[in-house]
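**Student:** I'd like to ask some things about the structure below.
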Amino acid sequence: MKMVFRWFGEGNDTVSLDQIRQIPGVEGIVWSLHDVPAGEEWPMDKIIQVKEQADKAGLHLKVVESVNIHEDIKLGLPSRDLYIDNYKKTIAKLAQVGVKVICYNFMPVFDWLRTDLHKELEDGSTALFYESSRIENIDPLELVNKINENSSLTMPGWEPERLQHLTKLFEQYKGVTEENLWDNVTYFLNEIIPVAAEHDIKMAIHPDDPPWPIFGLPRIMTSQDNIRRFLNIVDSPYNGITLCSGSLGANPANDIVGMIHEFADKIPFAHIRNVRRYENGDFIETSHRTQDGSVDITGIVQAYHEEGFDGFARPDHGRHLWGEQCRPGYGLYDRALGIMYLWGLWDAFQRQAEGKEAAKA
């Protein structure tokens, strides 16, 4: 397991590269060019700038999250070929600086959805929260304004310049079914995976967050069956998934441990985080500690260890602790604590495995 840490860029993150390099076992950053609109080709000078910053801190930049998919690709519009061509050019540029994994998603309109960015937990910390009944009764535009209010940092997936066209986007998606979305992702994969293979970059799709339809929009990356179907579209080591235990774990029907064992060779990147589910469909993000949520983090790390996982992993969303002012879900303290918990589990399973081998000898 190769530990990495998401970083939103100089001037766009409250966490510095110097702080990241001090977290034990972290070897690289997970990055993106957040000021480049979805669909545009990434400028080489900006890519090199991030490369130089990472090199100076002694960190690699092998994982990009995300090169976002333009809505015209998801909608299957004739203009998609232009945006797919830009995507191919961006892949070629990223290969030049050593990128090995591109995380992306195929969620219509919204990349992720929460109703409260600072819901208070019992210990006084706050975390991202999803209230099911509010989603059923809220105007999507009201939610967009709430997510972006008083934010001096970018909120990936909730860019105001894109979502100002929300009404038009919803109109475009009227009549678009899950099968239409499957057709459109198939078209995308057939175009992109050969280019990714040529440049030795693994494409790793992120599950839908949360893993069910919202506001009448179709969603397809929601379950083990659907992930299996997705991976079979283009059977290639370069067509993989970002297995996010938090996104998939919001649905109690999802067996994350089973997914790891089935898809182990198609997981170049893992997001490991915990959520606490409620019977009414609500969920809140918690510490990474297994006992604090509903997701079997211990079993997940054990499954990765048993499969000899040597891909990249990062702690996902953390709580907001000790008065830290940060991008919601992406402070330093709780994610660093999460890393140490994950390493503690990994080291324990490694010691256990070594003991078994020694006993055989």
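The values are calculated or read from the model by the stated rules, or taken from the named source; none is laboratory data. Being a predicted model, the structure only gives us computed values, none of them experimental. Positions of Cβ are generated from backbone atoms using ideal geometry, with glycine treated the same way; all protein chains shown enter the neighbour counts.
**Student:** For the range 216-267, which fully contained helices (runs of 4 or more DSSP H) count at least 1 residues that are surrounded by fewer than 21 Cβ atoms within 10 Å (Cβ to Cβ) and of a type outside the set (Ser, Thr, Tyr)?
**Tutor:** Details: elements: 224-233, 245-249, 256-263.
It comes to 224-233, 256-263.
Residues checked against (1) in contact with a Lys or Arg (Cβ under 6 Å, 6 or more places away or on another chain); (2) aromatic (Phe, Trp, Tyr); (3) farther than 16 Å from Phe5 by Cα:
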| site | (1), (2), (3) |
| --- | --- |
| Thr286 | yes, no, yes |
| Arg289 | no, no, yes |
| Ser294 | yes, no, yes |
| Thr298 | no, no, yes |
| Val301 | no, no, yes |
| Glu306 | no, no, yes |
| His317 | yes, no, no |
| Trp322 | no, yes, yes |
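**Student:** Could I ask something else about it? Those residues that are farther than 19 Å from Lys119 by Cβ, crowded, with 22+ Cβ neighbours inside 10 Å and of a type outside the set (A, V, I, L, M), I need them from the range 277-314; list them, please.
**Tutor:** Across the range 277-314, the qualifying residues are Tyr304, Gly311, Phe312, Arg314.
**Student:** Between a first residue in the range 336-360 that is more than 30 Å from Glu324 (Cα to Cα) and a second residue that is acidic (Asp, Glu), which pairs have beta carbons less than 9 Å apart while being 6 or more apart in sequence or on different chains?
**Tutor:** Pairs that qualify, where the first residue is more than 30 Å from Glu324 (Cα to Cα) and the partner is acidic (Asp, Glu), are Phe349/Glu306; Ala353/Glu306.
**Student:** Further question on the same structure: Show the residue pairs meeting these rules: Cβ distance below 7 Å; 6+ apart or different chains; first residue within the range 124-142 and closer than 14 Å to Asp282 by Cα; second residue loosely packed, with under 15 Cβ neighbours inside 10 Å.
**Tutor:** Ser132/Asn280
**Student:** Output the number of residues of the range 302-333 satisfying the condition of being among the acidic types (Asp, Glu) and closer than 21 Å to Cys103 by Cβ.
**Tutor:** Adding up the residues that qualify gives 3.
**Student:** Here's a follow-up. Just one of the numbered conditions (1) loosely packed, with under 14 Cβ neighbours inside 10 Å; (2) free of Cβ contacts under 8 Å to residues at least 40 places away in the same chain; (3) of a type outside the set (S, T, N, Q) is not true of Glu27; which one?
**Tutor:** (1)
**Student:** Filter the range 184-230 down to the residues that are farther than 28 Å from Arg114 by Cβ, free of Cβ contacts under 8 Å to residues at least 60 places away in the same chain and touching a Lys or Arg at 6+ places or on another chain (Cβ under 9 Å) and list them by number.
**Tutor:** None - no residue of the range 184-230 is farther than 28 Å from Arg114 by Cβ, free of Cβ contacts under 8 Å to residues at least 60 places away in the same chain and touching a Lys or Arg at 6+ places or on another chain (Cβ under 9 Å), so the list stays empty.
**Student:** Which residue, of Asp292, Asp296, is under 11 Å from Ile256 (Cβ atoms) and among the charged types (D, E, K, R)?
**Tutor:** From the options Asp292, Asp296, the qualifying one is Asp296.
**Student:** Hey, another quick one. For residues that are touching a Phe, Trp or Tyr at 6+ places or on another chain (Cβ under 7 Å) and either free of Cβ contacts under 8 Å to residues at least 12 places away in the same chain or among the acidic types (Asp, Glu) (or both), tally how many sit in the range 42-96.
**Tutor:** So the answer is 1.
**Student:** Would you confirm, using the coordinates I've provided, whether Glu65 is among the charged types (D, E, K, R), within 29 Å of Asp310 (Cβ to Cβ) and at pLDDT 95 or above?
**Tutor:** yes
**Student:** Restricting to strands (runs of 3 or more DSSP E) lying wholly in the range 1-87: which have 2 or more residues that are farther than 30 Å from Tyr187 by Cβ and under 20 Å from the mean Cα position of the chain (by Cα)?
**Tutor:** Output list reads 2-6, 26-31.
**Student:** What number of residues within the range 1-18 are more than 28 Å from Asn86 (Cβ to Cβ), touching a residue at least 60 places away in the same chain (Cβ under 8 Å) and surrounded by fewer than 17 Cβ atoms within 10 Å (Cβ to Cβ)?
**Tutor:** 1
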